[in-house]
């Protein structure tokens, strides 16, 4: 019995020793890999870029910042025909057959402050000079979040079997290998004009908003088109004689609209009622959005000089069609309720579709078009939302057609995502503050679909960074690039 106890103690000592050695090895490994990141360069770029974001007033500014930074640090890059910045690092001889890594990040001057952690991460990978397989960093010159930027890239940048990491930023860090499908619809509003027969006008303006990529924020992001709709609905409900003219929406491509101007023509007896309502809208607007959009402004002016009124306005039938259309279209998220049959991995309350009225355009012949972006988890949910939109169009006397389709993305290859998660854990270790890089499903459309269209053989993931985890995620990527192809790689 005594001998058994002695053996047990010996075994426990061996196990304890192995645990200590493992922890020590992990610590040494973590420390060595953390040195891959030049912390001084990271802090310098991050601080300078964050300060400069306030001064960016056009797309050239953000791209010039990156070019100037690269020139100061004597980094080699090229600018393609679409203004994308491409940093390429050749492989060392013994890793010439290792699958190349491509890092891609969107650069848009309007949301660069929110994206600063992702742009900093990409910059630090471009800045590095790791002895590794080939790796490329692409800063996409993407002012309108357009698919054209991706499809316009040189396909040689995306060879068969490449490992592609698309970076953006948000409130929580995670890695994803799936995202929603997207369809674009264009609605044609029957448009006719007539002479103005009212004696007064009220011109409404909304300005100072910033745009963003369309996603789950569609439900609460300020939408000037929806604000136009509220005024039209109010006029319609009061049975006023009214006309509408000079509609201008700040269209931002595949992003939320950022401004609105419209002239509402009414008779003088109704001015007090409309301006009283607008005063309430201004107050509600300021309460809802001023903190997040300090430059935002909702204003109006009364024009009572007949000589200053527009000569033409849209007819009552056109105004009625537009009012019904904008009022009835759903602009926001669709979530699973308690009665839903939940797909595997989803819970009650999760988003399964997004519908966003993203543009209102008027052509040279005064025809009105409304563009809708719909994103959905699968084809069944997509059909549900598109059918809803078609019914609304039918009700309002408008025609609708689908003009663009982008497939749902799903990466069934497990290699890259598992390696990145393991790399993060080994680099960062486990702590109560940081339990690792979580794997999640994107509940919106991402550019992973575009990248898969370019070359479906690639292993593609999306990493969302945060300011708190940017250093760790950057180190993880650097470590992945360095160790990829090693005999005992992570």
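Taken together, the values in this text are just the output of simple stated rules run on the coordinates, not laboratory data. Keep in mind that this is a model prediction, so the values were computed, not measured. Neighbour counts are summed over all protein chains in view; Cβ atoms, including those assigned to glycine, are modelled from backbone coordinates with ideal geometry.
Worth a mention:
- Per-residue extension of 0.36 nm, minus the Cα-Cα distance of residue 467 and residue 379, leaves a gain of 28.2 nm for this segment.
- Rounded if a/c under 1.5, otherwise prolate or oblate - segment 37-90, Cα gyration tensor axes: oblate
- In degrees, nearest ten, helix 316-328 long axis to first principal axis of the chain (Cα): 30 degrees
- Nitroxide proxy distance, nm - points 7 Å out along Cα→Cβ at residue 199 and residue 299: 2.8 nm
- Exposure proxy shown here: for 338, 110, the number of other Cβ atoms within 10 Å sets the order, fewest to most, as 338, 110.
- Inter-label distance for residue 342 and residue 241, nm, one decimal - labels placed 7 Å from Cα along Cα-to-Cβ: 5.8 nm
- Spatial separation of Cα centroids for segment 192-258 and segment 282-308, in angstrom: 12 Å
- Counting neighbouring Cβ atoms within 10 Å and putting the fewest first, the residues 399, 464, 426, 408 line up as 399, 426, 408, 464.
- Going by neighbour counts of Cβ atoms within 10 Å, the residues 104, 382, 255 line up, fewest first, as 382, 255, 104.
- Beta bridges per DSSP with both ends in the chain, % antiparallel, nearest 5: 75 percent
- Cα long-axis angle, helix 415-428 against the chain (0 to 90 degrees, to the nearest 10): 70 degrees
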